[in-house]
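The values are calculated or read from the model by the stated rules, or taken from the named source; none is laboratory data. Bear in mind that the values here come from a model prediction, so they are computed numbers and not experimental data. Every residue, glycine as well, gets a Cβ built from its backbone with ideal geometry; the counts of neighbours run over all protein chains shown. Side chains included, ligands, DNA and RNA excluded: accessible areas come from the protein's heavy atoms. Shrake-Rupley method; radii C 1.70, N 1.55, O 1.52, S 1.80 Å.
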2 protein chains.
Amino acid sequence: MKRFNIEYVQPGCKARAGVLTTEHSEILTPAFMPVGTLGTVKAVEQRELTEMNAEIILGNTYHLNLRPGVEVLKQAGGLHKFMNWNRAILTDSGGFQIFSLTKLKKINDDGVEFSSHLDGTRHFFTPETVIDIERIIGSDIMMPLDICMPNPSDYKDNLKSLEITHNWESRCLKQFKNTDSYYGYSQMLFSICQGSTYKDLRKQSIEILSEMDFDGNAIGGLAVGEPNELMYDIVDFSTDNLPQDKPRYLMGVGTPVDILENVERGVDLFDCVIPTRNARHGRLFTSNGELNIKNAKYKNNFNSPDEDYKTYTSENFTLAYLRHLFISGEILGMQLASIHNVGFYLEFMKRIRIAILEGRFIEFKKDFLKKYLQEK
Amino acid sequence: MKRFNIEYVQPGCKARAGVLTTEHSEILTPAFMPVGTLGTVKAVEQRELTEMNAEIILGNTYHLNLRPGVEVLKQAGGLHKFMNWNRAILTDSGGFQIFSLTKLKKINDDGVEFSSHLDGTRHFFTPETVIDIERIIGSDIMMPLDICMPNPSDYKDNLKSLEITHNWESRCLKQFKNTDSYYGYSQMLFSICQGSTYKDLRKQSIEILSEMDFDGNAIGGLAVGEPNELMYDIVDFSTDNLPQDKPRYLMGVGTPVDILENVERGVDLFDCVIPTRNARHGRLFTSNGELNIKNAKYKNNFNSPDEDYKTYTSENFTLAYLRHLFISGEILGMQLASIHNVGFYLEFMKRIRIAILEGRFIEFKKDFLKKYLQEK
């Protein structure tokens, strides 16, 4: 069965509309995947994600391995059942978290030893154990163990870590082929290319990984501090070299502007914590730009936060009420802002996709940015 | 129009089933009113309250006067519109908050001066200003300014404060009669009897207030630290003396056990923060008793928190998942626990009411308590 079908590529750029089929749901691409690190998209209920037409969410292998742990997840029958979510889940391998969150890391060819950020306990991840854990989680799309380098980072260090990453990913694929799903539905495994902002390393990484039999290809190691224009350039270079017929996932990206730029460069899948994290700090994404709901100017503004992008929040509550909730420290403020931001992102992706299918993505991008950036 | 109709009084006790009609909704009594101090029932969305058949919620005049303030509420067109809630609202006068939360109180016959618990700013409430604020809030049921004495408190202090309370309530009623609703629907004003645990003072308070033309009668100054049995005794005494044909509201009560005991003694309306406050601390009300979801024994318990009382939470999530959310500090834990506890209370009141109408309240109480208390 062909898992990924490209329906249309926008003439004049590399933007494409497709359908990625998992056994839990069909994901219309380009798609944004809300982040649900610990088996919950923060402050948003599962039924609300369904209502907003989220077709896939993220989980995180590093975090889920610590809490609730594989034993609980196994007994629950996997993460879908544990959190009562019937659509697709993608799990990040935890590579990024190990290299950004934990201390006292020891890397060798076999794997990586690290201390839990929660209690300092020592853990050892190998490519094989990561796949084993993701089998127990039961994610529809699994990511392999990799080394995510910071930015900036030395060329030689990247070269060295890239070798280990390729070796690990190859072993992940082997473990994936040698094991079965626990829960009767098939899972996929994507690759992650690395190489920081060095194009020759990116090319090498993509070439090596593209020869292996992964179900899709992710671009890792970006959105880690490099300038936006450089990120766009590396993505552009990467999508020129990645296989055309497989889904492309740009990890950890990004703002609405980043998404438009990278859709234009041929990316199909995105994930980022900013819709939910910003929401919890009172920052709302709207078609007129991002706004800080705590601003005094909203005190008696009884308009919707967004007349154009309809969410439960924007259809039912005013800027003044949302400001009141945040100023008063009420949890409902975080809930309504999170619903709005996730809803905004999902509606945004839907509109991007329709624009591509109608051959007017470039025009859509221009119109969106004109309105979105003017208010900043 | 008769605002309150009693449908049935349970033979053998004073429990009664009735209907209290406001212009926003019909409240089937006995009823529990979820507390929404600042224009939000903490961590519960308005549509969820509707889904759970909450017909009335509380707001608090003291808190709403500080945030968002009367100017914002006036411009919003009242609290119903501000928070987008179309059913009834009762507002506490703030008397209790002034006497429990604020410092540097100065009481004179005219009113009470106090410092805001937020920023220390000085405020002065008179019976008239409290009614004026409640007119702006637009609550369906308004409460008058009173003095709530602590427990234990001196007889002479109570006697003195009672005189002021009766004077203030009389002036509230006068101000109520002399003013109109801002928003085109009628409002009601209840009395609040005080007198701590002194029966002669309670009797005096009830007699004085019953002669005035209030729409309903509240019992204040209980659930402030006195033993439960003493509370039940004072309520029993109070309902023997209160008018039969008007709704009776026991302020700030209570646990499911308290509710059963006081329904039996003829109370129609209740409010309490414990379903929502306990929820935020991981304490769930269930038909098998209250449980602490953080307890390790729930780590791999994949049962519903309550098979009998159906809520979005109990129908969709397991004890293990809820525990994981709390252990991980996830906001969704507080949301789902709050939905469950409010849903549990509302379903509990519904079952109590049906039991009264079917003449089997005493049996219902016995059966409920047998199951509820065994697990503690």
Practice problem: Return the whole-Å distance between the Cα centroid of the stretch B:289-333 and the Cα centroid of the stretch A:96-156. | Solution: 30 Å
Quiz prompt | Between the stretch B:220-252 and the stretch A:161-240, the Cα center-to-center distance that results, in Å | solution = 69 Å
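Net charge near A:Val253: determine it from the other residues with C-beta under 10 Å of the C-beta of A:Val253, scoring Lys and Arg +1 and Asp and Glu -1. Mind showing how you got there, number by number?
On the way: positive: none; negative: A:Asp258, A:Glu261, A:Asp271.
Here the charged neighbours net out to -3.
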Practice problem: Using a 10 Å cut-off on Cβ to Cβ distances, tally the other chain neighbours for every residue of A:330-337 and report the average as a whole number. | Solution: 6
Quiz prompt | Note, ³J(HN,Hα) from phi for the stretch B:95-107, Karplus 6.51, -1.76, 1.60, rounded to Hz, x at Gly and Pro | solution = x, 4, 5, 4, 7, 10, 9, 9, 10, 6, 6, 10, 9
Exercise. For B:Leu369, place a label point 7 Å out from Cα along the Cα→Cβ vector, do the same in each other copy, and report the separations in nm, one decimal, smallest first.
Key: 7.1
Practice problem: Using the 2.2 N^0.38 Å rule of thumb for compact globular proteins, work out how chain A stacks up: its C-alpha Rg over that value, please. | Solution: 0.97
Quiz item: To one decimal in nm, how far is B:Ser186 from the same spot in the other copies, if labels go 7 Å from Cα toward Cβ? Please give the shortest first.
Solution: 6.9
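What is the stretch B:280-376's relative contact order, in percent, from Cα pairs under 8 angstrom and six or more apart in sequence? Let's see the in-between values first.
Values: 124 pairs, mean separation 32.5, N = 97.
In percent, rounded to a whole number, it is 33.
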Self-check item: Per-q log10 I(q)/I(0), the stretch B:1-67, q = 0.16, 0.27, 0.29 Å⁻¹ (Debye; single scatterer per alpha-carbon; no solvent)
Solution: -0.68, -1.13, -1.20
Quiz item: A:His117 label points, 7 Å along Cα→Cβ, one per copy: pairwise distances from this copy to the rest in nm, shortest first?
Solution: 3.5
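Can you tell me what share of the DSSP beta bridges in chain B is antiparallel? A percent to the nearest 5 is fine. Spell out each step's value before the answer.
On the way: 19 of 42 bridges.
If I count the DSSP bridges inside chain B, around 45 percent turn out antiparallel.
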Quiz prompt | Threshold 20 Å², the stretch A:62-83 residues less accessible with all protein chains present than alone (1.4 Å probe) | solution = A:Arg67, A:Pro68, A:Val72, A:Gln75, A:Phe82
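Using Cα pairs under 8 angstrom and six or more residues apart, how large is the relative contact order of the stretch B:78-137, in percent? Walk me through the numbers before you get to the answer.
Details: 53 pairs, mean separation 14.9, N = 60.
After rounding, I find 25 percent.
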Quiz prompt | Expected 222 nm ellipticity per residue - DSSP helices of 4 or more, -39500 (n - 2.57), all of the protein assembly as shown, to 500 | solution = -13000 deg cm²/dmol
Exercise. Report, in degrees rounded to the nearest 10, the 0 to 90 angle that the Cα long axis of helix A:127-137 makes with the longest principal axis of chain A.
Key: 50 degrees
Exercise. Considering only A:Ser196, A:Ser116, A:Ser314, give the residue with the highest GNM mean-square fluctuation for chain A, with springs between Cα atoms whenever their separation is below 10 Å.
Key: A:Ser116
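Excluding A:Ile293 itself, what net charge comes from residues whose Cβ is under 13 Å from its Cβ, given Lys and Arg +1 and Asp and Glu -1? Walk me through the intermediate numbers first.
Details: positive: A:Arg280, A:Arg283, A:Lys294, A:Lys297, A:Lys299, A:Arg323; negative: A:Glu290, A:Asp306, A:Glu330.
Value of the local net charge: +3.
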Self-check item: Residues whose placed amide H lies under 5 Å from that of B:Met188, excluding near-sequence neighbours
Solution: B:Ile141, B:Met142
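Past 21 Å, Cα to Cα: identify those pairs from B:Lys14/B:Lys366; A:Lys106/A:Lys156; B:Lys160/B:Lys203; A:Lys103/A:Lys174, in the order given.
Numbers: B:Lys14/B:Lys366 16 Å; A:Lys106/A:Lys156 18 Å; B:Lys160/B:Lys203 15 Å; A:Lys103/A:Lys174 29 Å.
Beyond 21 Å between Cα atoms: A:Lys103/A:Lys174.
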Quiz prompt | Shape box of the protein assembly as shown [Cα atoms, principal axes, largest first, Å] | solution = 90, 56, 44
Self-check item: Most mobile of A:Ala17, A:Ala76, A:Ala223 in a GNM of chain A (Cα contacts under 10 Å)
Solution: A:Ala76
Quiz item: Among A:Asn295, A:Asn65, A:Asn158, which one shows the biggest mean-square fluctuation in a GNM of chain A, springs joining Cα atoms closer than 10 Å?
Solution: A:Asn295
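Taking the Cα centre as origin and putting +1 on Lys and Arg beta-carbons and -1 on Asp and Glu beta-carbons, what dipole magnitude results for the stretch B:1-156, to the nearest 20 debye?
Numbers: 16 positive and 19 negative charges, 35 e Å.
The calculated dipole for the stretch B:1-156 is roughly 160 debye.
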Exercise. Over chain A, calculate the relative contact order: mean separation of alpha carbon pairs under 8 Å at least 6 apart, over the residue count, as a percent.
Key: 17 percent
Exercise. Based on a Kirkwood Rh over C-alpha pairs, give the Stokes-Einstein translational diffusion coefficient of the stretch B:1-116 at 4 °C and viscosity 1.567 mPa s in µm²/s.
Key: 80 µm²/s
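Give, rounded to the nearest 20 debye, the magnitude of the charge dipole that the stretch B:226-367 has about its Cα centre when Lys and Arg contribute +1 at Cβ and Asp and Glu contribute -1 at Cβ. Don't skip to the end; give the middle numbers.
On the way: 17 positive and 21 negative charges, 141 e Å.
About 680 debye.
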Quiz item: Out of residues 5 or more away from A:Gly59 or on other chains, whose amide H comes under 5 Å of its own, with H placed 1.01 Å from N in the peptide plane?
Solution: A:Gly36, A:Leu90, A:Thr91, A:Asp92
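Checking the a/c ratio against 1.5 first, then a/b against b/c, what shape does the Cα gyration tensor give for the stretch A:113-203?
Values: a/c = 2.48, a/b = 1.45, b/c = 1.72.
Judged from the Cα gyration tensor, the stretch A:113-203 comes out oblate (a/c at least 1.5, b/c at or above a/b).
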Quiz item: Short version: ³J(HN,Hα) in whole Hz for each residue of the stretch A:295-303, in order, from phi by Karplus 6.51 cos²θ - 1.76 cosθ + 1.60 (θ = phi - 60°), x for Gly and Pro, what are they?
Solution: 4, 4, 5, 8, 3, 10, 9, 9, 8
Practice problem: State the volume of the convex hull built on the alpha-carbon positions of the stretch B:334-376, expressed per residue in Å³ and rounded to an integer. | Solution: 56 Å³
Self-check item: Part-to-part distance (alpha-carbon centres) for the stretch A:18-42 and the stretch B:1-80, which is given in Å
Solution: 40 Å
Quiz item: Hey, got a sec? Which GluC sites (Glu not before Pro) in the stretch A:302-376 land in a DSSP loop and have at most 11 other Cβ atoms within 10 Å?
Solution: A:Glu375
Quiz item: Which net charge results for the neighbourhood of B:Glu128, defined as the other residues with beta-carbon distances under 10 angstrom from its beta-carbon, given Lys and Arg at +1 and Asp and Glu at -1?
Solution: 0
